[in-house]
Amino acid sequence: MNDFQPKISNRALTARLLLFAAGMFAFGFLVLPPLYEVFCDITGFGGRTNTTAAVATEQPDETRTVRIEFVTTVNSQAPWDFAADVDSMEVHPGKMYFATFTATNRSAESLVAQAVPSVAPVVANGHFQKIECFCFTSQDFAPNEERPLPLQFIVDPELPEYVDTITLSYTLFKTENTYVSDAR
């Protein structure tokens, strides 16, 4: 063995490794999630769209159409029926449109639902602006209640020309808390 290398006892090495592991755990579970949230909000990564109502003026580009596809899913723990009233629509960028989704609470108790949106492709995130959306706030449902959920949106005319289809996806979750979107 080389006499110039410092000798570390097994206990000291174990303590250092445990300290390192605890530090990595703290970093991974306490520091990274808020950083990821900020990163997604800034870049639109992960299909993030606006979480508060956007203000938009209509300036339609009648020469171009974009297909908007609506996809709905329900969290496996939630007793809901949830679907878009239409599967897709053809829109002109810069023009205001309305869509409706329908949700039904299939349980015999009052529940609170929260819809989480996602947009694909990622490049369309900043160009799909929701003016009014049921996803901005939690939705209180009475037992067995069925309700239409409105969406008002506009596609920015600055959407890159190569994007001809945007998929708007919502996942409906059962939640215990009432959520009101805040500006991030």
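Computed quantities for the displayed model
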| read-out | value |
| --- | --- |
| Karplus-derived HN-Hα couplings along the range 151-163 (A = 6.51, B = -1.76, C = 1.60, θ = phi - 60°), whole Hz, x at Gly and Pro | 9, 10, 8, 9, 9, 4, x, 7, 3, x, 4, 6, 8 |
| The range 55-96-the range 101-130 distance, computed between alpha-carbon centres (Å) | 11 |
| Whole-Hz couplings from phi, Karplus 6.51/-1.76/1.60, listed for the range 20-26; x for Gly and Pro | 4, 4, 5, x, 5, 4, 4 |
| In Å², nearest 10: area of Glu69 left accessible to a 1.4 Å probe | 60 |
| Accessible area of the range 62-122 divided out per residue, in Å², using a probe of 1.4 angstrom | 48 |
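The values are calculated or read from the model by the stated rules, or taken from the named source; none is laboratory data. Remember, it's a predicted structure, so these values are computed and weren't measured experimentally. When the accessible area is computed, the model is the full protein with side chains, heavy atoms only, and any ligands, DNA or RNA have been set aside. Shrake-Rupley method; radii C 1.70, N 1.55, O 1.52, S 1.80 Å.
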